[in-house]
Amino acid sequence: PVGLAPELIPTQAASTQGDVVLRANFGDRAVEGNIINRRISETPGGVVINLPSLVLINTQITEGGTFSGTGFPANRVTGTSIGSSAGIFGGIGATEVAGAIKLNEFDGPGNPLGLTNESETGIFVLDR
């Protein structure tokens, strides 16, 4: 209701979608990537909210085929991380990769979309 104190408003879950692009260099044992076309697609009234793209910072691939690193908004390659990512390569010749991201904010430092106290958890599964 109008006038309800913000701390009394329950949180709301929504679906966030995007496209993951990873670049792996097995010679250097490094992986980096981007999450583009991010959007919140399940909102009251069906409004789609576009979110900034993310840069998954170059990180090392372990002997076991795993990796973990941090993420930044695409327009801030240097600066404050807004989350983390991790994954594992699998299949013969490492032809598949599965991973997850955990963000402590949707829209980047300074809350340019006016969102506060948000968090995002996502998974991805890719093949070559």
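The values are calculated or read from the model by the stated rules, or taken from the named source; none is laboratory data. Since the model is a prediction, treat every value here as computed from it, not as a measurement. Neighbour counts are summed over all protein chains in view; Cβ atoms, including those assigned to glycine, are modelled from backbone coordinates with ideal geometry. To get the accessible areas, we keep the full protein, side chains included, count just its heavy atoms, and leave off ligands, DNA and RNA. Shrake-Rupley method; radii C 1.70, N 1.55, O 1.52, S 1.80 Å.
For the condition at pLDDT 75 or above, open to solvent by less than 70 Å² (accessible area, probe 1.4 Å), basic (Lys, Arg) and part of a strand (DSSP E or B), ARG38 qualifies. Scanning segment 70-90 for residues that are at pLDDT 90 or above and either crowded, with 20+ Cβ neighbours inside 10 Å or at positive phi (or both) yields SER85, GLY87, PHE89.
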